[in-house]
Amino acid sequence: MQRLNRIASRALEAAFPPKGDRNENDLKLANLQNVADPIPVIAIRNRILSNTQGMSWNRILESYSTKREELEGELTTSESPGSSMLNWDPDFHYPRYYTLVEYHRQPGGYRHDDLGGYVYHDGTKVFHGGNNDRDEAMEARICELPLPQDRIVNNLLDLACSIEAGTVTVKRQWPEPR
């Protein structure tokens with residue numbers, strides 16, 4: 001998959017004007033998709049990735065069915081008086097966009113299954129080939145982010161931060177910005 005990612009990346013790079021001739025519209029998400037989607041190697045890569053993720057999630061979910069009772073017991077114990085816990089607003093309702101999408105293709109996401117957090121954590125390990133026990137894959141990507149030319153970062157916005165593994169890493173990397 002890594003080799004296919006490199007080939008797809010080169011194909012996408014070749015579809016754009018040279019770096020010095022690009023304008024800000026060239027890098028907008030909608031334009032990137034319009035350029036990338038028709039490139040056959042990118043379509044193949046995306047299809048393989050999608051199918052692989054689907055198969056992985058199914059196997060992970062199956063594996064949790066045998067230990068569901070034990071893990072639900074752990075969750076119940078962690079909610080006992082005196083433990084550190086988050087108090088959830090009983091009137092909270094997920095926004096509509098959140099309930100319409102299975103993030104990271106995880107069936108049911110976090111919201112439809114008490115074991116969603118366990119499943120997601122193991123799913124990221126599988127997806128990253130066992131190299132993500134402590135979010136190392138996310139940390140590696142964050143550390144590759146380019147700094148501005150003046151090397152000063154004033155503000156950071158982490159979109160779609162999920163369980164905030166990237167946000168925590170960004171804050172460690174650049175503790176000062178808002």
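Per-structure values
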| read-out | value |
| --- | --- |
| Area projected by the alpha carbon convex hull of the chain, averaged over all directions, nm² | 13.9 nm² |
| Residues HIS112, HIS121, HIS93, sorted so that the one with the fewest Cβ neighbours within 10 Å comes first | HIS93, HIS112, HIS121 |
| Extension gain from LYS19 to ASN154, taking 0.36 nm per residue of separation minus the Cα-Cα distance | 46.1 nm |
| Exposed-site-free run, longest, the chain (rule: GluC sites (Glu not before Pro); DSSP loop; at most 14 other C-beta within 10 Å) | 1-78 |
| Net lengthening on full extension, ARG10/SER78 (0.36 nm per residue, minus Cα-Cα) | 19.7 nm |
| Under 5 Å, built H, 5+ apart or other chain: amide partners of ALA15 | none |
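Rule-based calculations on the coordinates, nothing more; no lab input. Just so it is clear, the structure is predicted and the values come from calculations on it, not from any experiment. Cβ coordinates were reconstructed from backbone atoms using ideal geometry, including for glycine residues, and neighbour counts include every protein chain displayed.
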